[in-house]
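Novice: Structure incoming, see below.
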Amino acid sequence: MTMTCTETIAAYAFRSIGFGERMLPKSDFTLCQQFTLIGSGLIWNLYYGALALLAGFFLANALALAKSARSRWLRKPAEWFIFTFRGSPLFIQFFLGYQAFVLLPKNGIDLLGVTIHTDWLTKAWCGALVVLFLNTAAYSAEIFYGALRSVPKGDIEAADAYGITGFKRFRRILWPTMLRLGWPAYTNEAIFLFHATTLVFFSSFPAFRQQGDALYYASYFADKTYNPFIPYPIVGFYFICLTLLLTFAFNAVNKHLNRHLPSNQRARIRLRPQLIR
Amino acid sequence: MKKLMLATALVALSGLAAAAQDTVRIATEGLYPPYNLVNDAGKLDGFEVDLGNEICKRAALTCEFVQNDWDSMMPNLNSGNFDVIMAGMSITEERKADRLFTQNYYPPATSYYVAMSADADLKAGVVAAQTATIQASHVAESGAQLLEFKTPDETVAAVRNGEADAVLADSEFLDPIVAQSNGELQIVDKVQLGGGVGAAFRQSDTELAGKFDKAIGEMKADGSLNELIKKWFKEKAVLF
Amino acid sequence: MFAQCADPSTLSGFTWMLCYLTSGKHLLFYYSFGTVLVLLAVTAPVALGFGFMGAIAARAHNPVARVAGKTYMLMVRGIPDIIFFMFFVIALDQLLETGLHYIRCPDWTDPIRTGLEFKVCPEAKIPPNSAPQIFHQIYGFGLAVVTFAIVFGAFTANVLYGAMNAVPRAQLETAEAYGLSARQTFRRILVPQMWVYALPGLSNLWLILIKATPLLFLLGVNDIVFWAQELGGSKTDSYAYPHDDWRLWYFLFLLAFYLAFTRVSEIVLARLTKRLSHGQATLAGEAMRKAAA
């Protein structure tokens, strides 16, 4: 009962999120099967990367502001948070995250009449996402903090001269400039965050119903065929495509952020590998 | 120059004791007591280590035990980084297709479903098992929802913290854990899986596999295998 | 280690803990911190070498070298490092053994690959099967170091390439005007000045390298993560020191180790930057000059 490639794609393209064939392939292990299932697993890498990046962006802004605040009570916690997540391996953060999450009470925590579900946190889709979210928030916060400190003094003085103050000054002057200055570095952070999602496979978060990320299926095939030289390069191929797409999207945003500048002053995005974990 | 030095170093390394008798390297996991474990002195120990040493004595072979992850056992065996696997590996039809097995040195054993409560749902609930074991494929095929972990320890931890309804693993591994859990864990169901535990070899290594097989046969006949089983599995031992 | 630890089952409280923490297995755990430090000490210079060669290749006039250098540099941008770790070690191992096979056993007629098996002649095994386990471990560790160095060499190449381009053109033009050859310019002008531009990037790479060491575990080396998992896992009566699942504590210890290591590195690197900036034609150097005046 060998399947044609179209049938394989129909059966396995969404296997990682619970649609299609229930049992993983037991024989053949054709290239088509490997490409399809690993691609299916990539859905999870995209999910982790995209959501962590999106949520992390907001926390990162808050943290960057807190770190540059005058008040000790805001500055110190932000500094410690950023140092802890930037100073330790993501691998260890995953492990400790999982261990901490399983310690939470099973039935959820009652907080002001609202029950917060805690059992989700022990599942990879939620727990690993939370760890990645905190991790990327810390890295991005450091980028934004650096950018905030390099906002030209003149910009702020000009704002003062026009009588723009308080939150308005932040929203109209400081924040856009910070984003523009930090964007090239933030692009790298985004790329390496997506790369870091492959570590979820090695985290303690278990695979459920044989639904896993790209590396989960790659290792399934490597285990079944004893040939690591096909599945892992397939993962690599998918990630190269993903990186190109990300670079393209972030470049478009970069252009938008720099649209008011003369073309020879625009910041170009270059690889600065200080941002992997 | 650098390349040359590297080459010289490799040649020197590979030339070491080349004249000495070839050592048979036996791989085990070291994480599956009492089959195999790393004892508190940091040395490999357990039923299979004792048995392997005895087999080598009888077959007049020089053997050495090495530790390897469960995940990368077969790739490393096939690329010749060691010659034998003795790591609680059950003999199954699927596995026989790509490796040689000796006759079993531990009888077809029972696998236990262990859970926190007697009414755990084994048919459709969440069942934990170690990745790439016969128990994992059994759960996947049974219709229950498989929760996979890299090490056996974690599968039990998952039941304790309520992530999984039950764990499926060898009875020998689970027995002491259940016994020492003060009634927290209990055996809910039993299944027979596989054809016992055997030593695995590369398909081309018929000669070495034959020597091991013969020694195991002798040990079964003179009762010394049962003695070893009793030593390690205590009162729960299943004898030949 | 201590005499009173001979029979752990009779111990309790503090003595139990003392004996437990000094068991043979724990000593191996402590030694494995040395493994991590050795990895860092060996990988850093080797990666720097790879990076240097990569950066020079990427700047070369020869188009083949340039493409090779740039591909090497871009490799790490597109593909997660873990993917390399998943198959580099076994690929490297088989590559070396195949090479040695052709040198040592030219008369060998059996194919190297049959079905799933990879089989070279016994003389080509590195190290030979009969070598003590320690040599196998050293070889495995060596493969891990090379894998690390290749991946981090690509990052280093990126940093050095950028730093070489950051050296002011005028410096090089002046050198040419004085009649220095391209080689002399490179060695006497470009390289000495490049370091100060490369240092921020290299500092970051060092911090990344520290944080990448738990990946040793994935390469099959018994490192600190391996022992933390092994020691922390719950132990039944099969062991001399039975206990519950203590992995959380072991991993918290690892966390503390990494944070402390990062902090110390940051302090040392900050001092180094200060020293290197001295007398350089950069903003930092200028600031130091002004402060002294």
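The values are calculated or read from the model by the stated rules, or taken from the named source; none is laboratory data. Model, not experiment: these values are computed from the prediction. Every residue, glycine among them, receives a Cβ derived from its backbone with ideal geometry; neighbour counts consider all protein chains shown. Side chains included, ligands, DNA and RNA excluded: accessible areas come from the protein's heavy atoms. Shrake-Rupley method; radii C 1.70, N 1.55, O 1.52, S 1.80 Å.
Novice: Whole-Å semi-axes of the range B:116-160's equivalent ellipsoid, largest first, each the root of 5 times a Cα gyration tensor eigenvalue?
Specialist: Values: eigenvalues 50, 41, 8 Å².
Result for the range B:116-160: semi-axes of 16, 14, 6 Å.
Novice: Using a ≥ b ≥ c from the Cα gyration tensor of the range B:110-192 (square roots of the eigenvalues), is it rounded, prolate or oblate, where a/c under 1.5 gives rounded and otherwise the larger of a/b and b/c decides, a/b for prolate? Before the final figure, lay out the partial values.
Specialist: Values: a/c = 1.39, a/b = 1.28, b/c = 1.09.
In terms of gyration-tensor shape, rounded.
Novice: Then there's this: Quick check: with the 1.4 Å probe, what order do C:H61, C:H278 take by accessible area, largest first? Display every interim value, and only then the final one.
Specialist: On the way: C:H61 170, C:H278 135 Å².
The most accessible residue leads, giving C:H61, C:H278.
Novice: For chain A, take the longest principal axis of its alpha carbons; what is the angle in degrees between that and the long axis of helix A:214-225, to the nearest 10 within 0 to 90?
Specialist: With both axes taken from Cα atoms, the answer is about 30 degrees.
Novice: Considering every residue in B:70-79, what mean count of other chain Cβ atoms within 10 Å of its Cβ is obtained? Each step should come with its number before you reach the end.
Specialist: Values: counts 1, 5, 10, 1, 6, 10, 4, 3, 9, 11.
Per residue, the number of nearby Cβ atoms from other chains is 6 on average.
Novice: Using a 1.4 angstrom probe on the protein heavy atoms only, could you order C:I90, A:I234 from most to least accessible area?
Specialist: Descending accessible area places them as C:I90, A:I234.
Novice: Follow-up question, since we're still on this one. Whenever you get a sec, line up A:V235, A:V253 from highest to lowest accessible area (probe 1.4 Å, protein heavy atoms).
Specialist: Values: A:V235 0, A:V253 60 Å².
Of A:V235, A:V253, the descending order of accessible area is A:V253, A:V235.
Novice: Give me the accessible area of C:W108, 1.4 Å probe, in Å² rounded to the nearest 10.
Specialist: Approximately 100 Å² for this residue.
Novice: Between the helical axis of A:231-257 and the dominant principal axis of chain A, each derived from Cα atoms, what acute angle in degrees is found, rounded to the nearest 10?
Specialist: 20 degrees
Novice: With N set to the number of residues, divide the alpha-carbon radius of gyration of the range C:154-234 by 2.2 N^0.38 Å and report two decimals.
Specialist: Details: Rg = 20.6 Å, N = 81, 2.2 N^0.38 = 11.7 Å.
Ratio of Cα Rg to 2.2 N^0.38 Å: 1.76.
Novice: Okay, next question. Between A:F95, A:G236, A:I82, whose Cα lies farthest towards the positive end of the dipole of the range A:36-275 when Lys and Arg beta carbons carry +1 and Asp and Glu beta carbons carry -1, centred on the Cα centre?
Specialist: So the residue furthest toward the plus end is A:I82.
Novice: If you don't mind, another one. Please report Rg (one decimal) and Dmax (integer) in Å for the Cα set of the range B:133-240.
Specialist: 17.1, 48
Novice: Here's another thing I want to ask about it. Work from the charge dipole of the range A:1-99 (Cβ charges, +1 for Lys and Arg, -1 for Asp and Glu, about the Cα centre) and give the residue of A:W73, A:L63, A:C32 farthest towards its positive end.
Specialist: Farthest towards the positive end: A:W73.
Novice: Could you tell me, in Å, what Rg and Dmax come out for the Cα atoms of the protein assembly as shown?
Specialist: Rg, Dmax (Cα atoms, Å): 28.9, 99.
Novice: Additional query: Which whole-Hz couplings ³J(HN,Hα) result when phi for each residue of the range A:5-20 is put into the Karplus expression 6.51 cos²θ - 1.76 cosθ + 1.60, θ = phi - 60°, listed in order with x for Gly and Pro?
Specialist: 5, 4, 4, 4, 5, 4, 7, 10, 4, 10, 4, 5, 10, x, 10, x
Novice: Let me ask you something else. How big is the antiparallel share of DSSP beta bridges in the protein assembly as shown, given as a percent to the nearest 5?
Specialist: Details: 30 of 45 bridges.
Of the beta bridges lying entirely in the protein assembly as shown, close to 65 percent run antiparallel.
Novice: If you don't mind, another one. Let me confirm one metric for peptide A:182-192, namely the mean number of other chain beta-carbon atoms within 10 Å of its residues' beta-carbons.
Specialist: Numbers: counts 0, 0, 0, 0, 0, 0, 1, 0, 0, 3, 5.
If you average over the peptide's residues, the count of other-chain Cβ atoms is 1.
Novice: Considering only Cα-Cα distances, which of the following residue pairs are longer than 28 Å: C:K70/C:K290; B:K57/B:K190; B:K214/C:K235; A:K67/A:K168? Please list the in-between numbers first.
Specialist: Values: C:K70/C:K290 40 Å; B:K57/B:K190 36 Å; B:K214/C:K235 35 Å; A:K67/A:K168 20 Å.
Table pairs above 28 Å Cα-Cα are C:K70/C:K290; B:K57/B:K190; B:K214/C:K235.
Novice: Further, regarding this structure: For the range A:1-151, with only Lys/Arg (+1) and Asp/Glu (-1) charged at the beta-carbon, what is the dipole magnitude about the Cα centre, in debye rounded to 20? Spell out each step's value before the answer.
Specialist: Details: 12 positive and 7 negative charges, 142 e Å.
I would put it at about 680 debye.
Novice: Something else about it: Determine the residues within the range C:45-92 where the difference in accessible area between the chain on its own and the full set of protein chains amounts to at least 40 Å²; count protein heavy atoms only and use a 1.4 Å probe.
Specialist: Going by heavy-atom accessible area, the residues of the range C:45-92 that drop by at least 40 Å² are C:R77, C:G78, C:I79, C:P80, C:I82, C:I83, C:M86, C:F87, C:I90.
Novice: Further, regarding this structure: Note down the accessible area of C:R104, probe 1.4 Å, to the nearest 10 Å².
Specialist: 80 Å²
Novice: Continuing with this model, one more query. Using amide H atoms built in the peptide plane, which far-off residues or other-chain residues are under 5 Å from B:C63 H to H?
Specialist: Placed amide hydrogens put B:V24 under 5 Å from B:C63.
Novice: Which far-off residues, 5 or more places away or on another chain, put their amide H under 5 Å from the one on B:G125, with H placed in the peptide plane?
Specialist: So B:G125 has HN proximity to B:Q145.
Novice: Using a 10 Å cut-off around each Cβ of peptide A:13-25, what is the average number of partner chain Cβ atoms that fall inside? Working shown, then result.
Specialist: Values: counts 0, 0, 0, 0, 0, 0, 0, 0, 0, 3, 3, 2, 0.
Mean number of neighbouring Cβ atoms from other chains: 1.
Novice: How much accessible area per residue does the protein assembly as shown have, in Å², with a 1.4 Å probe? Please list the in-between numbers first.
Specialist: On the way: 36760 Å² over 810 residues.
Accessible area per residue, the protein assembly as shown: 45 Å².
Novice: Turning to a different aspect of this structure: Express as a percent, rounded to the nearest 5, the fraction of DSSP beta bridges in the range B:49-190 (both residues included) that run antiparallel.
Specialist: Numbers: 9 of 16 bridges.
Looking only at bridges with both residues in the range B:49-190, the antiparallel portion is about 55 percent.
Novice: Whole angstrom only: what separates the Cα centroid of the range A:218-244 from the Cα centroid of the range C:107-173?
Specialist: Value for the Cα centre distance between the two parts: 20 Å.
Novice: Nearest 5 is fine: what % of DSSP beta bridges in the range B:110-192 come out antiparallel, could you say? Present the calculation step by step, with values, prior to reporting the outcome.
Specialist: Working: 11 of 18 bridges.
Beta bridges within the range B:110-192, antiparallel portion: roughly 60 percent.
Novice: What does the C-alpha gyration tensor say about the overall shape of the range A:36-275? Classify as rounded when a/c is under 1.5, otherwise prolate if a/b is larger than b/c, or oblate.
Specialist: Oblate is the answer for the range A:36-275, as a/c is 1.5 or above yet b/c matches or exceeds a/b.
Novice: What figure, in Å² to the nearest 10, do you get for the accessible area of A:I164 with a 1.4 Å probe and non-protein molecules left out?
Specialist: 40 Å²
Novice: Moving on to the next point. Tally up the carbon and sulfur contribution to the accessible surface of the range A:1-58 as a whole percent, 1.4 Å probe, everything protein left in place. Write down the numbers at each step before the final one.
Specialist: Numbers: 2180 of 2990 Å².
About 73 percent, which is the carbon plus sulfur part of the accessible surface.
Novice: To the nearest 20 debye, what charge dipole does the protein assembly as shown have about its Cα centre, counting +1 at the Cβ of each Lys and Arg and -1 at the Cβ of each Asp and Glu? Present the calculation step by step, with values, prior to reporting the outcome.
Specialist: Working: 70 positive and 64 negative charges, 1025 e Å.
My answer is approximately 4920 debye.
Novice: Among C:G179, C:G162, C:G13, whose mean-square fluctuation peaks in a Gaussian network model of chain C (Cα, cutoff 10 Å)?
Specialist: C:G13
Novice: A follow-up question, please. What is the angle, in °, between the Cα long axis of helix A:72-87 and the longest principal axis of the Cα atoms in chain A? Nearest 10 is fine, range 0 to 90.
Specialist: Once rounded, one gets 30 degrees.
Novice: Also, quick follow-up: Please list 3J(HN,Hα) in residue order for the range C:120-128, calculated via the Karplus relation 6.51 cos²θ - 1.76 cosθ + 1.60 where θ = phi - 60°; whole Hz, with x for glycine and proline.
Specialist: Residue by residue, the range C:120-128 yields 9, 5, x, 5, 9, 5, 10, x, x Hz.
Novice: Checking understanding here: applying a Kyte-Doolittle mean of at least 0.0 and a length along the axis of at least 15 Å (C-alpha), which whole DSSP H helices in chain C pass? Write down the numbers at each step before the final one.
Specialist: On the way: long enough: C:24-59 (52 Å, 1.33); C:63-78 (22 Å, 0.41); C:81-104 (34 Å, 1.17); C:133-166 (48 Å, 1.23); C:191-212 (29 Å, 1.07); C:247-277 (44 Å, 0.90).
Flagged H segments are C:24-59, C:63-78, C:81-104, C:133-166, C:191-212, C:247-277.
Novice: Just to check I understand the Karplus step: with θ = phi - 60° and J = 6.51 cos²θ - 1.76 cosθ + 1.60, what whole-Hz values come out for the range B:174-185, glycine and proline as x?
Specialist: After applying 6.51 cos²θ - 1.76 cosθ + 1.60, I find 7, 3, x, 5, 5, 4, 8, 8, 6, x, 5, 10 Hz.
Novice: Here's another thing I want to ask about it. Average the reciprocal distances over every distinct pair of alpha-carbons in chain C, invert the result, and give the Kirkwood radius in Å. Intermediate values should be presented prior to the final figure.
Specialist: Details: mean 1/r = 0.0432 Å⁻¹.
After inverting the pairwise mean of 1/r, the radius is 23.1 Å.
Novice: Taking H as built 1.01 Å from N, whose amide H comes closer than 5 Å to the amide H of B:Y106, not counting residues under 5 places away?
Specialist: Those lying under 5 Å, H to H, from B:Y106 are B:V197.
Novice: Over the range C:13-292, what relative contact order in percent results from Cα pairs under 8 Å that are six or more residues apart? Walk me through the intermediate numbers first.
Specialist: Values: 251 pairs, mean separation 60.8, N = 280.
Taking the mean separation of contacting Cα pairs over the length of the range C:13-292, I get 22 percent.
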